[in-house]
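Q: Structure incoming, see below.
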Amino acid sequence: MQILTRTIFLRSKGEGDIIDITPETSKILSQSKLKDGIITIFVSGSTAAVTTIEYEPGLRQDFPNMLSRIVPENIEYQHENMWHDGNGHSHVKASLIGPSLTIPFNDGTLMLGIWQQIVVLEMDINKRERNVILQIIGE
Amino acid sequence: MQILTRTIFLRSKGEGDIIDITPETSKILSQSKLKDGIITIFVSGSTAAVTTIEYEPGLRQDFPNMLSRIVPENIEYQHENMWHDGNGHSHVKASLIGPSLTIPFNDGTLMLGIWQQIVVLEMDINKRERNVILQIIGE
Amino acid sequence: MQILTRTIFLRSKGEGDIIDITPETSKILSQSKLKDGIITIFVSGSTAAVTTIEYEPGLRQDFPNMLSRIVPENIEYQHENMWHDGNGHSHVKASLIGPSLTIPFNDGTLMLGIWQQIVVLEMDINKRERNVILQIIGE
C-alpha cells in the first residue's frame, strides 16, 4: 500500500467557471502505476468546490444558474457587511457543494460513469489560481 | 492493510426514488472480516447521488420535494435545448448532492448514527439499473 | 501504513450553530505522528453535517440563512406529519450537505486553505451532544 500526493495547478475565469480535471487526474493515476485504491480530490480554499457532472456546454450553464438561484448575489450578506470583498455568496456556494470528493479506482482505471467528469467549480468573483490536491492511496 | 472492491447492483424506480443500501453495505463489510478502516461509497453515473438520511416514509418524500423546489423541472435548461433528453434537472440535482461518501468503521461496525442510513438517490426521469461501488480500505 | 480512530465530543447550541473543529483535528493529527495520508471526518447522526467554510461571524449567519431559505421551517413536512418532533427540515438540511469530508495531509499538516476551516453544522432544533469521528489513514 502506498500514498502519493500530487497537485493540479489551474487558472479559473472567475464565478461560474467549471474546469474538467478528469484527463489530468487519469494521467496522474496512470503514472502512479497503482492498480486499486482511492483518489481523494481536495480543493484548498473557501470559494471553490469539487463535484462530478456530465461536462457539456448546457450543464456548464445550468449548474451555475442553479447556484445563483439559491444563493443570489443581490441579497444582504453579513460577510459583505464586515469584509466588503464582494464574495459572501461565493463562500456560501462553496460550503454548500464542499471541497472534497473520493473516487475509487480498479485495475488502474477511475470508476467513473461514461458521462461523468470530475470538475472544479470556481465560485469566486475574480479569476483565481487554484491548487487542487490529489492524494492516492492504493496498491 | 487491505483494499477490497465490491459492487451493489440495484434497480431504481426513477426520479425521487431513495434506496437504502445500509444492510447490503454492512453485509459486505462483515464478509470482508476487516475491523478498522473506511468504506468509500461511489455511484457511477451523472444522474444519481449518495448521502445519509433517516430512512422513513416521511423524509423519503420531503427530501425529493426539497430538490424539486430548488431544481424545478419546468424551467429552461440549456442541457435540454442541446440534447432533448428531458433530464437536465436530474444532472443538476445529482451534481449538487455528489456521488461519493466515506464512512469509517471500527471493530467491524459502520460508525453510523442509529437513525442514519446510507442511501442512493435516483434523480433520472426513468427507471435505471445502477452499480454502486464500495471500496473498503482497512485492516 | 496505519489506521487511527479518534472522536471529538462537542455540545452544540441547536439549529444554525457552526462549530470549528480545525484546532482539535490538527492536534489529533499532530499527536498521531503520521506524516502523509487522509483524515475522514464523519458526523454520526441524521441532523448534523460537515463541510469547510471561512469561519468568521458574517458567514456563520449567511450559511444557515441560505439553508433556511431553501429548506424553510414553515412548510409542510411528511416527517412532521408522522413523527411530530419538529425537525423534518433539520433532516433535509443535513442530507443536503452530507455527513462526511475527506481531507489530505502532507508532512504532518492538513492541506486546508488559509481561510478554510473544518466545521460541524448543527441543524437540529435542540442543543445536542455530538460525537464527530476522525479516522486517519497514513504513514
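Since every read-out is calculated from the coordinates, none of them should be taken as a lab result. Since we're looking at a predicted model, the values are computed, not measured. Glycine also receives a Cβ, built like all others from the backbone with ideal geometry; neighbour counts cover every protein chain displayed.
Q: Out of B:Ile21, B:Ile103, B:Ile39, any idea which swings most in a Gaussian network model of chain B, alpha carbons joined below 10 Å?
A: B:Ile103
Q: Give the lysines whose C-alpha is closer than 19 Å to that of C:Lys35, dropping any in the same chain fewer than 8 places away, or say none.
A: Hits, sequence-local ones excluded: C:Lys27.
Q: Right, next: Taking the label point as lying 7 angstrom from Cα along the Cα-to-Cβ axis, what are the distances from C:Glu129 to the corresponding position in the remaining copies, in ascending order and in nanometres?
A: Label point to label point, same position, other copies: 4.9, 4.9 nm.
Q: Relative to the longest principal axis of chain B, what angle (0 to 90°, nearest 10) does the C-alpha long axis of helix B:22-32 take?
A: Around 40 degrees separate the two axes.
Q: Compute the length gained on full extension between B:Lys27 and B:Met82: take 0.36 nm times their separation in residues and subtract their Cα-Cα distance, giving the result in nm to one decimal.
A: Between B:Lys27 and B:Met82, full extension yields 15.5 nm more.
Q: If you place +1 on the Cβ of every Lys and Arg and -1 on the Cβ of every Asp and Glu, how big does the dipole about the Cα centre of region A:14-138 come out, in debye to the nearest 20?
A: Dipole about the Cα centre, nearest 20: 400 debye.
Q: Here is a follow-up. Say the dipole of region C:1-122 comes from +1 at the beta carbon of Lys and Arg and -1 at that of Asp and Glu; which of C:Ser12, C:Met82, C:Thr25 then lies farthest toward its positive end?
A: So the residue we want is C:Thr25.
Q: If you don't mind, there's one more thing I want to ask. If each label sits 7 angstrom from Cα along the C-beta direction, how far apart, in nm, is B:Pro57 from its counterparts in the other copies?
A: 4.8, 4.8
Q: Under 12 Å between alpha carbons, and skipping anything fewer than 8 positions from B:Lys33 in its own chain: which aspartates and glutamates qualify?
A: B:Asp107, B:Glu139
Q: Under a 10 Å cutoff between Cα atoms, tell me which one of C:Ile18, C:Ile70, C:Ile114 has the largest fluctuation in the Gaussian network model of chain C.
A: C:Ile114
Q: Another one. What lysines does A:Lys13 reach when the alpha-carbon gap must be under 20 Å and sequence neighbours fewer than 8 apart in one chain are set aside?
A: Reachable lysines: A:Lys93, A:Lys127.
Q: Most mobile of A:Met123, A:Met66, A:Met82 per a Gaussian network model of chain A (Cα springs, under 10 Å)?
A: Of A:Met123, A:Met66, A:Met82, the most mobile in the Gaussian network model is A:Met82.
Q: On average, how many beta carbons from a partner chain sit within 10 Å of the beta carbon of a residue in A:80-90?
A: That average works out to 2.
Q: Follow-up. Given a cut-off of under 8 Å on Cα pairs at least six residues apart, what relative contact order in percent is computed for chain B?
A: 56
Q: Measure nothing but the geometry: give the 0 to 90° angle between the long axis through the Cα atoms of B:88-97 and the longest principal axis through the Cα atoms of chain B, rounded to 10°.
A: Its long axis makes an angle of about 30 degrees.
Q: What is the set of long-range amide H partners of A:Asp17 at a cut-off below 5 Å, with H atoms built 1.01 Å from backbone N?
A: Under 5 Å from the amide H of A:Asp17 lie the amide H atoms of A:Glu122, each far enough along the sequence or on another chain.
Q: Moving on. In degrees from 0 to 90, rounded to the nearest 10, what is the angle of the helix C:57-70 Cα long axis to the longest principal axis of chain C?
A: Taking the Cα atoms of chain C, the angle to C:57-70 is about 50 degrees.
Q: Given the -39500 (n - 2.57) contribution per DSSP H run of 4+ residues, what per-residue ellipticity at 222 nm results for chain A, rounded to the nearest 500 deg cm²/dmol?
A: Helix contribution divided over all residues of chain A: -8500 deg cm²/dmol.
Q: Shifting gears a bit: Between region B:38-89 and region A:1-19, what is the separation of their alpha carbon centroids in Å?
A: Each part reduced to its Cα centre gives a spacing of 25 Å.
Q: How shielded is C:58-69 by partner chains, expressed as the average number of their Cβ atoms within 10 Å of its Cβ atoms?
A: 6
Q: Return the long-range amide H neighbours of C:Thr7 (sequence gap of 5 or more, or a different chain), with a cut-off of under 5 Å between placed amide H atoms.
A: Under 5 Å from the amide H of C:Thr7 lie the amide H atoms of C:Leu134, each far enough along the sequence or on another chain.
Q: From the backbone phi of region C:115-126, what are the Karplus-calculated ³J(HN,Hα) couplings (6.51 cos²θ - 1.76 cosθ + 1.60, θ = phi - 60°) in whole Hz, Gly and Pro given as x?
A: 9, 10, 10, 8, 10, 9, 9, 8, 10, 6, 6, 10
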